[in-house]
Amino acid sequence: MTGRLVAALRAVALLSAAAALLPAPVRADPGAAALTPFLDAVAACAGRRDLTLAVIGVEPGQTALSREQAEEVRLAVESRLQATGRVRLAAAADVVRIKALREGTTGLSAAEAEAQIRAAFAGEASVFLVGASRAGATVALRLQAVTRTAECKATSEPVVLPIRTGAGVSDVDAVLEGAVRAFAGAVPNARTVEVCPFVAEGGHSTCATALTDRLVIALDAEARAPNRILRGGQMEVRRRPPGTACTGGLTASGRFLTDRDRQAWMEVEFQREGAVLAPSGRRRIGLDGLGCDPTPRPFLDHVAATARTDGGRLSVAAAATPFARGERLDLRIDSKARQKLYCWVVAADETAFVALPVRGNAASEAPLKPGEARRYPRGYGLEEIVAAEPFENLFSCFGVEAGLPPELEARWLAAAPGIDAEARLLAPSDVLDLLERIRQTPGVTEATARIVVR
């Protein structure tokens with residue numbers, strides 16, 4: 001008995017060792033297994049078991065996912081479909097990359113390009129990802145397959161996928177395009193829409209300007225949409241100057257803000273005679289690609305931070321920081337290039353007085369030469385300015401080699417002081433508009449200095 005027992009134990013050991021050498025059984029992907037009823041329905045539609053599917057991706061107008069997240073979701077769905085072992089994938093969503101590669105290497109005729117595009121969509125059905133809904137770091141959506149002849153479709157149960165979350169959850173352009181689409185649906189026969197500059201909550205931010213630019217682009221795309229043009233629905237898009245009231249007519253406006261966690265938010269709304277049309281609601285957005293600084297700043301800080309400075313061409317410095325009450329103000333202007341100078345004193349309430357040039361004062365109207373330095377005001381033969389009360393302003397200068405364009409030059413000189421006349425106070429709307437327009441002048445250089453009196 002003992003010998004037989006030992007032999008039996010040896011046999012068991014040998015079987016165990018052999019079993020250990022065998023590959024472990026492959027566990028089915030539960031996510032892929034959940035797609036079985038959907039693929040069965042697609043196969044029934046197509047009339048065949050083996051399937052070639054073209055995964056198109058999420059709807060272009062959705063705002064639940066950024067573009068990067070949408071691409072990740074499409075790839076995840078493709079991976080799950082491949083894991084079923086029942087599906088071949090057509091290159092529908094990637095045909096543009098293939099076309100660009102072939103054109104850049106071998107060259108493609110129009111007929112070859114058309115054939116390639118048709119082949120990329122060849123298959124039993126196209127799969128769309130619809131009804132995307134976010135919940136934290138996941139998104140729930142359904143797969144909707146439509147056969148090539150569009151005679152049959154199949155829809156899956158909700159599929160939940162993980163997504164990477166970053167600073168924002170919605171793509172800026174997708175939100176704006178969705179808002180414009182809702183506006184076009186609410187006012188299909190709009191002839192003119194005026195875009196008011198975005199307002200940054202808590203101060204001024206370059207992101208507000210960037211978002212205004214993107215909204216103009218989205219509205220311009222709608223104005224040139226083939227469907228609108230074919231039905232004769234011409235629409236003109238105008239941009240209102242900064243600082244003007246956003247009232248009357250048909251207007252588009254927006255707000256930009258950041259929260260304590262430095263997350264960025266945006267909302268857009270259209271109005272007609274005070275009535276709100278197609279509001280987007282508040283959306284958390286990602287700022288990648290906008291090239292802007294979300295930090296809200298007080299006006300003087302914003303002007304100084306966004307100035308087109310070039311110390312190799314122009315610099316301005318106050319003789320004292322701060323000046324004492326009763327002390328004479330003194331600023332030094334250094335020019336390293338030939339340029340005409342336009343200076344103003346900007347206040348925290350967004351108003352300003354033009355300081356230079358002084359009409360009728362030849363020294364202030366002549367261009368500065370390379371290496372020339374001037375003191376303001378005494379270097380221009382102007383009266384001394386005595387600091388009587390505490391204040392904080394910004395002395396800001398623009399340098400332009402050939403001078404400002406005629407229209408801007410006329411506006412600037414109309415507010416400038418004369419030998420026997422005081423400078424005219426510029427309202428915030430004028431200051432913001434001049435600041436924006438002058439900064440668009442080719443070759444303009446800026447220099448700023450704080451004037452602080454304590």
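The values are calculated or read from the model by the stated rules, or taken from the named source; none is laboratory data. Every value quoted in this text rests on a predicted model; they were computed, and no experiment measured them. Cβ: placed from backbone, ideal geometry, glycine included. Neighbour counts: every protein chain shown. The protein model used for the area step is the full one, side chains on, heavy atoms only, and it has no ligands, DNA or RNA in it. Shrake-Rupley method; radii C 1.70, N 1.55, O 1.52, S 1.80 Å.
Counting only protein heavy atoms and a probe of 1.4 Å, the accessible surface of segment 131-227 is 52% carbon and sulfur.
First check a/c for segment 154-217, with a ≥ b ≥ c the square roots of the eigenvalues of its C-alpha gyration tensor; if it is under 1.5, answer rounded, and if not, answer prolate when a/b is larger than b/c or oblate otherwise. Oblate, since a/c reaches 1.5 and b/c is not below a/b. I need the shape label for segment 258-395. Rule: rounded when a/c is under 1.5, else prolate if a/b > b/c, else oblate, with a, b, c from the alpha carbon gyration tensor. Taking the square roots of the gyration eigenvalues as a ≥ b ≥ c, segment 258-395 is prolate. Using r as the Cβ-Cβ distance of Ala225 and Glu407, and R0 as 30 Å, what FRET efficiency do you calculate, to the nearest 0.05? Computed FRET efficiency for Ala225 and Glu407 comes out at 0.35. What segment 297-370 shows is 45 Å² of accessible area per residue, with the surface traced by a 1.4 Å probe over protein heavy atoms. From most to least packed by mean Cβ count within 10 Å, the peptides 287-298, 225-236, 391-402, 71-82 give 391-402, 71-82, 287-298, 225-236. Roughly speaking, to the nearest percent, how much of segment 382-436's 1.4 Å accessible area is carbon and sulfur? With neighbouring chains kept in place, the figure for segment 382-436 is 57 percent.
The phi-based Karplus calculation (6.51 cos²θ - 1.76 cosθ + 1.60; θ = phi - 60°) puts the 3J(HN,Hα) values of segment 237-250 at 9, 10, 10, 6, x, x, x, 8, 5, 8, 9, x, x, 9 Hz, whole numbers, x for Gly and Pro.
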